[in-house]
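So the structure is just underneath, and the comments pick up after that.
The values are calculated or read from the model by the stated rules, or taken from the named source; none is laboratory data. This one's a predicted model, so the numbers in the text were calculated from it and none came from an experiment. In this analysis, Cβ positions are derived from the backbone assuming ideal geometry, glycine residues included, and neighbour counts consider all displayed protein chains.
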Amino acid sequence: MAQVKRRIRSQKKVLKSPFKDYWTKENYYILGFGFILLIIGNILLAQSPYENPLSLSVAPVVLLLAYLVVFPFAILYRKNNNDNSENVSG
C-alpha cells in the first residue's frame with residue numbers, strides 16, 4: 001500500500017506557468033518611455049502662467065498618450081518567437 005502512494009506522488013505533473021518569461025527587455029524599455037512621458041506631461045502641466053497653450057492643450061494630450069497608449073502597450077506587448085513559421089500543407 002505504501003508503494004502505491006509513492007508512485008502516485010511521483011507521477012504528479014508540475015504545471016509550468018505561461019507567464020514565467022512574459023516581461024522582456026523591450027517591455028521595460030516601453031514602460032520607461034511611458035514614465036518619461038508622464039514626467040514631461042507633468043512638467044508641461046506645471047508651466048506658468050496657467051492659461052498658456054502648453055498647460056491647457058499639449059500637457060493633457062501627452063499624459064493621455066502615456067496612460068492610454070504607452071502603458072497598455074508595454075503590458076500587452078509580446079514578441080512572437082515562432083521557429084516553425086513555415087506553412088506545411090498536407
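Candidates 67, 77: the one that is surrounded by 10 or more Cβ atoms within 10 Å (Cβ to Cβ), in contact with an Asp or Glu (Cβ under 7 Å, 6 or more places away or on another chain) and at pLDDT 75 or above is 77. Would the range 33-40 turn up any residue that is surrounded by 10 or more Cβ atoms within 10 Å (Cβ to Cβ), under 20 Å from residue 78 (Cβ atoms) and modelled with pLDDT of 90 or more? Yes: one or more hits.
Taking the conditions (1) assigned to a helix (DSSP H, G or I); (2) free of Cβ contacts under 8 Å to residues at least 40 places away in the same chain in turn, residue 31 satisfies each one other than (2). Residues in the range 48-69 that are under 10 Å from residue 38 (Cα atoms) and among the β-branched types (Val, Ile, Thr): 62 alone.
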